[in-house]
1. I'd like to know if the range 368-388 contains one or more residues that are in contact with a His (Cβ under 8 Å, 6 or more places away or on another chain), within 16 Å of the ligand (Cβ to nearest atom) and not in a strand (DSSP E or B).
2. Looking at I256, I216, which one is touching a strand residue (DSSP E or B) at 6+ places or on another chain (Cβ under 7 Å) and either touching a residue at least 24 places away in the same chain (Cβ under 8 Å) or not hydroxyl-bearing (S, T, Y) (or both)?
3. hydroxyl-bearing (S, T, Y), within 25 Å of C359 (Cβ to Cβ) and surrounded by 15 or more Cβ atoms within 10 Å (Cβ to Cβ) - does that describe any residue in the range 155-176?
4. Mind checking whether some residue in the range 257-273 is over 22 Å from S241 (Cα atoms) and within 16 Å of the ligand (Cβ to nearest atom)?
5. Given the condition of a type in the set (A, V, I, L, M), closer than 25 Å to E19 by Cα and away from the ligand (no atom under 16 Å from the Cβ), answer yes or no: does some residue in the range 346-356 qualify?
6. Could you check M383 against (1) among the aliphatic types (A, V, I, L, M); (2) out of contact with any helix residue (DSSP H, G or I) (no Cβ under 7 Å at 6 or more places or on another chain); (3) surrounded by fewer than 19 Cβ atoms within 10 Å (Cβ to Cβ) and say which number it fails?
7. In the range 36-52, how many residues are without any contact (Cβ under 8 Å) to a residue 24 or more places away in the chain, among the small types (G, A, S) and over 18 Å from L14 (Cα atoms)?
8. Among the residues of the range 75-82, are any surrounded by fewer than 19 Cβ atoms within 10 Å (Cβ to Cβ) and touching a residue at least 24 places away in the same chain (Cβ under 8 Å)?
Amino acid sequence: MAESRKDSTRRKWLETLREYRRDFEAPGSEEYWSPSLDCASRDELRSIQDAKLAVLTPFLYENSDFYRRRFDGFGLTPDDIKCVDDLAKWPPLDKKEMVEDLMANPPWGTYTTHDDALWEARGWSLFATSGTTGLPRVFRYSKFDLEQWQWANARALWSLGARRGEIVFLVVGFGPHVWAWGVNYALAHMGVPCISGGGMTAEMRCNIIERYRPTILATLPSQLLRLGRVMQELGKDPAKSSITTLFTGGEPAAGIASTRERLQEMWGAKLVEFYGCTEAAPHSGGYSCPAAVRPDGTIQTHLMEDFQVWELIDPDTLASVPEGSRGITVCTNMNSESSSQLRFIVGDYTVLDSAKCECGRTHVRAIGGFSGRADDLINLRGMKFYPSVIEEGVRAVPGIGDEYEVVLATNEDGIDTMIVRVEHAEHEKPGSVAEKVANAVQTRIEVRCDVEVLAPDSFPKTEFKAKRIRDERDKGGS
Ligand SMILES: [Zn+2]
């Protein structure tokens with residue numbers, strides 16, 4: 001029987017990805033896991049992207065009803081999008097479209113090329129988005145995806161300094177959270193030992209650090225703060241522990257200067273991170289540049305360009321933003337059997353630079369890292385800002401606890417207000433603390449806020465992604 005178009009397009013896409021897989025089993029050099037890719041010329045990177053994109057669009061068209069509808073709806077065919085330059089024809093894809101597809105086609109949606117037959121033949125795992133907006137987007141992944149994740153994450157982890165001789169302590173709940181699982185499998189692939197810190201108290205986790213002396217602490221930023229505090233309460237100094245690298249993912253940390261400094265100082269360790277999102281870059285879409293974590297280095301994140309095409313757009317007009325200007329991230333992912341995407345709006349603000357990096361890598365850099373999702377944008381009386389900016393202000397004031405909350409409300413005159421609630425030892429005479437926090441926030445967003453100073457430990461400790469904004473305004477969110 002002749003091979004169906006569904007199968008032949010999948011086969012060609014898989015073959016092309018395997019063709020460009022280099023140094024899969026072991027690193028190609030001491031400095032770079034895949035030297036010929038990590039340091040490829042910009043022209044070579046572009047030709048790899050073009051080759052992958054040419055087989056991706058027919059694959060998506062034949063295997064995803066969502067993509068077929070979108071192609072047909074815009075009057076496009078896979079032949080119209082064969083290279084990176086053609087991508088401009090494809091209007092960027094918002095996650096809301098995926099949510100609508102999922103609601104109309106439960107439980108998997110049709111935005112994925114993964115179907116029941118594949119799930120049965122070579123399924124690997126299921127992961128879902130953890131964000132707070134909309135129905136969680138769910139993805140079934142294949143064994144091929146597992147291999148690509150292991151390899152991509154190994155390259156990124158190598159850049160962060162994960163080597164034989166290091167011991168990673170991975171402190172997460174191990175829910176369907178892509179970052180932790182992807183890291184776990186990549187470390188196993190690399191032969192770097194990993195201790196699981198799931199399902200235990202902070203005290204037990206601190207004891208593990210004391211007894212087994214891991215060197216890389218991998219967890220969410222809020223958990224890094226929490227573990228450090230608990231260790232201090234136990235009379236130990238985290239800065240004197242075995243930990244030399246703090247490795248995070250899942251929420252911004254390295255790009256928020258005061259959070260980064262607080263963590264690095266507390267632990268006497270360097271902070272590095274992965275960047276990505278479940279929908280389009282389930283493995284590392286980006287990773288901290290080793291040159292950037294040197295003293296006085298500018299924080300920057302390399303984006304993995306042989307797997308993905310990264311660009312920035314204006315969030316209001318959706319027009320492309322030239323290199324060097326600020327915009328929100330859009331990812332074309334060519335590296336997943338389940339979640340390949342054309343121009344998916346990831347939505348974090350940054351600035352891109354494709355000049356060759358001091359570390360020798362050629363993949364484009366997000367200068368300053370990332371500081372928050374555009375859909376988390378707060379609009380208060382016409383002033384727009386990100387929760388991360390408030391965090392930056394709160395954390396800049398000495399003595400403020402790690403947990404805080406921002407409450408948006410409407411007062412009796414119908415005016416929207418913002419109250420920042422923080423913890424501080426001086427809560428019984430809050431005057432000067434409140435003033436300092438209000439000033440630190442105002443200098444950053446030009447909005448005067450009220451500050452409520454609570455006793456230390458008033459807030460529950462964050463165990464997973466922190467939810468810090470409570471919007472109780474009459475007309476709802478921004
Ligand atoms: Zn670099």
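The values are calculated or read from the model by the stated rules, or taken from the named source; none is laboratory data. Keep in mind that this is a model prediction, so the values were computed, not measured. Please note: Cβ atoms are built from the backbone with ideal geometry, for glycine as well, and neighbour counts cover all protein chains shown.
1. No, the range 368-388 contains no residue that is in contact with a His (Cβ under 8 Å, 6 or more places away or on another chain), within 16 Å of the ligand (Cβ to nearest atom) and not in a strand (DSSP E or B).
2. Working: I256 fails: touching a strand residue (DSSP E or B) at 6+ places or on another chain (Cβ under 7 Å).
None of the others qualify; the one that does is I216.
3. Taking the range 155-176 and keeping what is hydroxyl-bearing (S, T, Y), we get 159.
Pick out the ones that are also within 25 Å of C359 (Cβ to Cβ) and you get 159.
Within this subset, residues satisfying the condition of being surrounded by 15 or more Cβ atoms within 10 Å (Cβ to Cβ) are 159.
Yes, the range 155-176 has at least one match.
4. Among the residues of the range 257-273, not one is over 22 Å from S241 (Cα atoms) and within 16 Å of the ligand (Cβ to nearest atom), which makes the answer no.
5. So far as the range 346-356 goes, no, none of its residues is of a type in the set (A, V, I, L, M), closer than 25 Å to E19 by Cα and away from the ligand (no atom under 16 Å from the Cβ).
6. Status for M383: all satisfied but (2).
7. Residues in the range 36-52 being without any contact (Cβ under 8 Å) to a residue 24 or more places away in the chain, among the small types (G, A, S) and over 18 Å from L14 (Cα atoms): 1 in total.
8. Yes, there is a match, as at least one residue in the range 75-82 is surrounded by fewer than 19 Cβ atoms within 10 Å (Cβ to Cβ) and touching a residue at least 24 places away in the same chain (Cβ under 8 Å).
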